[in-house]
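For reference, the structure is listed below as structure tokens.
The values are calculated or read from the model by the stated rules, or taken from the named source; none is laboratory data. Keep in mind the model is a prediction, meaning the values are calculated, not measured. For neighbour counting, all protein chains shown are included, and Cβ atoms are generated from backbone atoms with ideal geometry for every residue, glycine included. With ligands, DNA and RNA removed, areas are computed over all heavy atoms of the protein, side chains included. Shrake-Rupley method; radii C 1.70, N 1.55, O 1.52, S 1.80 Å.
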Amino acid sequence: MNDLLPEKSRVWRNLEKKIATVFSNYGFDEIRTPILERTELFLRGLGEVTDIVEKEMYSFEDRLNGKTYSLRPENTAAVVRASVQHSLTYNEPRKLWYYGPMFRHERPQAGRYRQFFQFGVEMLGYDSFESEVELILMCNAVWRSIGLDGNLQPELKLNSIGTSEERSSYVQALGEFFQKHIGILDDDNLKRLKRNPLRILDSKSDSLVNLKNEAPKITDFLGNVSKAHFENLLSVLDDHRISYEVDLKLVRGLDYYNSTVFEWKVSGLGAQDTVCGGGRYDALVALLGGAHTGACGFAIGMERLVELFEANSREQEKTLIDLYFAHTGRDGKLIAIKLAEKVRKAGISVKVDLTDASLKTQVKRAFRNNAEFLAIFGEEEIKTGNVSVRWLIREEGENHQRKVPYAEMVEFVRKIKNKSGNGSQ
Ligand code: HAM
């Protein structure tokens, strides 16, 4: 679990704003659900034979009521629970997004955390392939919004895992195939073979690469409706010039999926190279007590996205605050505090140095804080009612420093900021 110190939080906040803006541009509404849910929601929703449910949930019994709760390991099940509970799709289908921390007790390694953040989207009440097109376009828009376009763009992998009946026949065939090669399977995969052979395709084990390539392919088990759905999706993606790769071994690690599944992968993040995963889950709403409702969605892992962004960012460090107020003496400090209130009301940010450090130290801090201007309230300034203002960012020769009457401070900062096209109003 990570502490996000101020410098990191700044980057996060920047990306969070951009991603939330993309989602609302697509007409999606935000939903916030609790971080704790009843454990049985995840047992039913995600499937009992999944890594998450078998070994990664933080669950506890509430001594006060004897019920068992879990920190949410993902949010699709909770959003569906909330949708059923509040009849969200009663009048019309819903397009929802969420953001927040998820918890999985995973083996600690780079890119895999026990608390991590996801931005996610769920479309409830949507059956057609066009909804998956929209999901993929939205992901694309997210990458673009944070400058991960061109060759920095994550790569899209897609597959169709068919209806639950089609998948059952496939799983049976896979089971029979791996049973014939039981000698090659390690302990983990032997367990998977017994409980859910599909998960063997998920295995990262190098020794299984060839075997997995020879295994039966899902395509041979898809009916015409599933095939047409997937082909229609691919043809619209072609139309939008979105590049993708069909990956027949892509099965995803949660049981609720059917039909289209997809992941966005990147190079340079090591083994944890998936920044986003999603797909269709048409049976989940009914499984959790609602009417049959076609649905699909995705979730983006924030830690991995931030890492990718930082490795490739071309964004310049921006000014963090408009003004830094330094002072000498007690009177200077009090005047600074008073004037700062006025200036802030005009939407200009001010950080007042409240310490009694030397002026030299305060000036250094103004630079370190990336302030755009420094204003000094010294004895001379108090006497004359003028404050001396310095530009810290732009070097503009003669305009480098100026005396400004207290009463004109707001107007002055506004004018200069508007001129530089950087006004906070
Ligand atoms: P997921 O593939 O389990 O899907 O997670 C989605 C993304 O969350 C991953 O691609 C990864 O970027 C990030 N992530 C997952 N686990 C960790 C971790 N331990 N540390 C850091 N990042 C992690 C889901 O959670 C589904 N609910 C997605 C979905 C929404 N499907 C339909 N709707």
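The table below gives the values:
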quantity	calculated
Counted residues, segment 89-136 - those being among the small types (Gly, Ala, Ser) and in a loop (DSSP other than H, G, I, E, B)	4
Failed item in (1) within 24 Å of Gly47 (Cα to Cα); (2) part of a strand (DSSP E or B); (3) of a type in the set (D, E, K, R), with Glu245 passing the rest	(1)
Residue in segment 321-331 that is more than 18 Å from Gly378 (Cβ to Cβ) and within 16 Å of the ligand (Cβ to nearest atom) present	no
Pairs with Cβ under 7 Å, 6+ apart, first in segment 328-339 and within 13 Å of Ser358 (Cα to Cα), second of a type outside the set (Val, Ile, Thr) and assigned to a helix (DSSP H, G or I)	Thr328/Leu359; Thr328/Glu379; Gly329/Glu379
Close pairs (8 angstrom Cβ cut-off, 6 or more residues apart or separate chains): over 27 Å from Asn210 (Cβ atoms) in segment 234-260, in a helix (DSSP H, G or I) and of a type in the set (Ser, Thr, Tyr) anywhere	Tyr256/Thr76; Asn258/Ser164; Ser259/Ser226
Arg390, sole failed condition from (1) at pLDDT below 90; (2) part of a strand (DSSP E or B)	(1)
Matching residues in segment 126-158 - criterion: being touching a Ser or Thr at 6+ places or on another chain (Cβ under 8 Å) and more than 14 Å from the ligand (Cβ to nearest atom)	Phe129, Ser145, Gly147
Residue that is surrounded by the fewest Cβ atoms within 10 Å (Cβ to Cβ) [pool: residues in segment 257-267 that are under 16 Å from Gln118 (Cβ atoms) and within 9 Å of the ligand (Cβ to nearest atom)]	Glu263
Count - residues of segment 206-235 that are in a loop (DSSP other than H, G, I, E, B) and open to solvent by 30 Å² or more (accessible area, probe 1.4 Å)	2
Any hit, segment 78-93, residues being open to solvent by 40 Å² or more (accessible area, probe 1.4 Å) and within 9 Å of the ligand (Cβ to nearest atom)	no
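Condition check ((1) of a type in the set (S, T, N, Q); (2) in a loop (DSSP other than H, G, I, E, B); (3) touching a residue at least 60 places away in the same chain (Cβ under 8 Å); (4) surrounded by 22 or more Cβ atoms within 10 Å (Cβ to Cβ)) across all residues:
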site: Leu269; (1), (2), (3), (4): no, yes, yes, no
site: Cys276; (1), (2), (3), (4): no, no, yes, yes
site: Asp282; (1), (2), (3), (4): no, yes, yes, no
site: His292; (1), (2), (3), (4): no, yes, no, no
site: Ile300; (1), (2), (3), (4): no, no, yes, yes
site: Leu305; (1), (2), (3), (4): no, no, yes, yes
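Every residue, every condition in (1) open to solvent by 80 Å² or more (accessible area, probe 1.4 Å); (2) within 16 Å of the chain's Cα centre (by Cα); (3) on the phi > 0 side of the Ramachandran plot, yes or no:
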site	(1), (2), (3)
Asn2	no, yes, no
Glu7	yes, no, no
Trp12	no, yes, no
Ile19	no, yes, no
Ile31	no, yes, no
Glu37	no, no, no
Leu43	no, no, no
Glu54	yes, no, no
